[in-house]
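K.L.:
The structure that follows is given in the form of structure tokens.
Just so it is clear, none of the values below were taken in a lab; they were calculated from the coordinates. Note that this is a predicted model, so its numbers are computed, not measured. With ideal geometry, Cβ positions are generated from the backbone for all residues, glycine too; neighbour counts draw on all protein chains shown.
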Amino acid sequence: MYLLILKSNKMEIVVYAQHLNHAYFYLSFFNKLNKYDEISLYTESLSIYYTVKYSKKFKSRFNKVFLIPSRFPKQEIMKLELDFREEKILNYWVQYFKKPITESTNTYLSQKNWIADKILTKSIGFCWSGNKSTPLAFSKAVQLKGGDVFYSEITNFPKSVYFDKKGTNYYASLKDKYKESIQKEDPSNTTFKEQLLKLKKNQKKIPQANLNKKLKLYFILTGLQDYLFKNGERYNLVKTIASKFKIKYKIEDYILDLIDNNEWFDIHKLNLAKSSKSNISVLVPLQVYSDTQLHVFSKYKSAIEFIKHIVSISDRNITIDIKLHPAENSKYNTIIIELIKRINLLYPNIKIVDTAQITDYDAVLTINSTFGIDALLEDVKVISFGESLYSGLDFLLSYTNQFSGIRDAIEKYDSLVEKRNFNIFAKILFENFYYFNYYGNNNIERDVDRKPYLESLKRIDKSISSVFQQHKQ
């Protein structure tokens, strides 16, 4: 086993867990690297806090557990205290929770200072994603005390996890590595793209659908805690119950509410241009309403707003197939289905599809979903409408005002894109995965091939070791 033996000047390891899956993953992770014996866990979830504090298996690994407060007294906010990343990520609270920016900023800065006060020495932090305000507050607190953070994220390939000291998704260092490699790598090497495609085809369902009953119960408890402790219009129990009633029995009243909140649009004002050009077809995979990628790294408040934009830049000879996200809750999908049904009465070329074969389409239009990577693996044109891990790079198009519409972008695609360069990106992706089972429920090596698992353990151990060595010098 590849283990790091620490000397007398130990650095504490601190972990942030938003979901119970995070706690389970890190429990198994540090059990494999069992010489790390000063580990504290931070969470804002009551259920996780009490589970880690009183469960024997968690107590054996995490010697301290802290419950991060969700509410703080109001204080004067200094705009200069926030950097660019912090401002962008606080937008998630504003758009998703519908929470005032001043209140969101106060909570974020208070959490950052509260966590920093609890960290007594330089530490190595482990934080899932870091693209929400509380995990970012955690990571900034670690850095404030002179420590380093490893951001983690489950990838869209089975049994693989991504670690990055810079961040994940939009902030991932993969983009920098791609730009460094573009001049020296051979873009004709399809090996890694084929390996990624093979991995992807082994994933039959989204992993969340396979959670055991205990974890599903924790997600329910977490949702209830959000209603009790999250300040924000979205988490209002009375309004939620009322909206569910309206969706089921008074859909027109609910749509009026959406109109009042600028979350619906007048379908009869749509005016798709007629076209004498040939038919083309595009697939539009939607993202979940709560997706941080949607709220933080795009100009759209919801999938409805994205649909409105796509329709506005289309013509009647473009078939637009819209695919609902399989992890979206039924409430929001009901509204999307109702919207598309009404649009379809006016424009039959726009419809919802239950299943879709990517290769049947001329292009995939996505905000910033990892579905874009799936399409690139299948050699399908991808047009991105937001900021993501892959947006802004030269092997796909990022939609801008330089295009007069979807058709124009598709027609110019091949002349503007270096399609083969995706092979370089695929290589960088593949080489930066760690083969751990995030959904192993206290066993990260479950169903993972032994060789890549051990190599991954060795790699991450070496990365952590280098941080310890840097801080010793």
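K.L.:
Ranked highest first by average number of other Cβ atoms within 10 Å, how do 186-193, 170-177 line up?
P.N.:
Going by the mean number of other Cβ atoms within 10 Å, highest first, we get 170-177, 186-193.
K.L.:
Using the 2.2 N^0.38 Å rule of thumb for compact globular proteins, work out how the range 266-417 stacks up: its C-alpha Rg over that value, please.
P.N.:
For the range 266-417, the normalised Cα radius of gyration is 0.97.
K.L.:
May I pose another question? Roughly how many nanometres apart are two label points built 7 Å out from the Cα toward the Cβ at K118 and K59?
P.N.:
Going from the K118 label point to the K59 one covers 1.8 nm.
K.L.:
Taking θ = phi - 60°, what integer Hz values does the Karplus form 6.51 cos²θ - 1.76 cosθ + 1.60 yield along the range 141-149, in sequence order, with x for Gly and Pro?
P.N.:
5, 4, 5, 4, 8, x, x, 10, 10
K.L.:
Give, in nm to one decimal, the length gained when the segment between K184 and K216 is fully stretched (0.36 nm per residue of separation minus the Cα-Cα distance). Could you put the intermediate results ahead of the total?
P.N.:
Details: separation 32, 0.36 × 32 = 11.52 nm, distance 4.68 nm.
In short, 6.8 nm is gained.
K.L.:
Next up: I'm spelling it out carefully: the read-out is log10 I(q)/I(0) by the Debye sum over Cα atoms at q = 0.08, 0.09, 0.14 Å⁻¹, the candidates are (i) -0.46, -0.59, -1.41; (ii) -0.62, -0.75, -1.28; (iii) -0.52, -0.66, -1.53, and one was derived from this structure. Which label?
P.N.:
From the options (i) -0.46, -0.59, -1.41; (ii) -0.62, -0.75, -1.28; (iii) -0.52, -0.66, -1.53, the structure gives (iii).
K.L.:
So if I place +1 on the C-beta of Lys and Arg and -1 on the C-beta of Asp and Glu, and nothing else carries charge, what would the dipole magnitude of the chain be about its Cα centre? I want it in debye, nearest 20.
P.N.:
Taking the Cα centre of the chain as origin, the dipole is about 1560 debye.
K.L.:
Output ³J(HN,Hα) for the range 357-364: one whole-Hz value per residue in order, computed from phi by the Karplus curve 6.51 cos²θ - 1.76 cosθ + 1.60 with θ = phi - 60°, and x for Gly and Pro.
P.N.:
Coupling constants for the range 357-364: 9, 3, 5, 7, 10, 6, 6, 10 Hz.
K.L.:
Normalised by the number of residues in the chain, what is the relative contact order in percent for Cα pairs under 8 Å and 6+ residues apart? Please report the intermediate quantities before stating the final value.
P.N.:
Working: 733 pairs, mean separation 80.4, N = 473.
Over the chain, the number comes to 17 percent.
K.L.:
Taking amide H positions as placed 1.01 Å from N in the peptide plane, with prolines and chain starts having none, which residues 5 or more places from F150, or on another chain, fall under 5 Å of its amide H?
P.N.:
G125, F126, C127
K.L.:
Turning to a different aspect of this structure: State, to one decimal in nm, how far the label point of N344 lies from the label point of K98, with both points 7 Å from Cα in the Cβ direction.
P.N.:
2.8 nm
K.L.:
Amide H of V65 versus every other amide H placed in the peptide plane: which residues, excluding those fewer than 5 positions away on the same chain, fall under 5 Å?
P.N.:
L41
K.L.:
List the lysines whose Cα lies under 16 Å from the Cα of K412, skipping any in the same chain that are fewer than 8 positions away.
P.N.:
List returned: K277, K381.
K.L.:
Could you go through the range 427-433 in sequence order and give the Karplus-derived ³J(HN,Hα) for each residue, using 6.51 cos²θ - 1.76 cosθ + 1.60 with θ = phi - 60°, rounded to whole Hz, and x for Gly and Pro?
P.N.:
Rounded to whole hertz, the list is 5, 5, 4, 4, 6, 9, 7.
K.L.:
Taking amide H positions as placed in the peptide plane 1.01 Å from N, state which residues far from S173 in sequence (5 or more) or on other chains have amide H under 5 Å from it.
P.N.:
Sorted by chain and number, the residues that satisfy this are K166, G167.
K.L.:
Going highest first, how would you order 339-350, 383-394, 258-269 by mean Cβ packing within 10 Å?
P.N.:
Going from most to least packed, we get 383-394, 339-350, 258-269.
K.L.:
Run the quick spin-label model on L256 and H268: label points 7 Å from Cα toward the beta carbon, then report their separation in nm to one decimal.
P.N.:
1.6 nm
K.L.:
I would also like to ask the following. PRE reach from N31 (point 7 Å along Cα→Cβ): which of the range 127-160 fall under 19 Å by backbone N?
P.N.:
159-160
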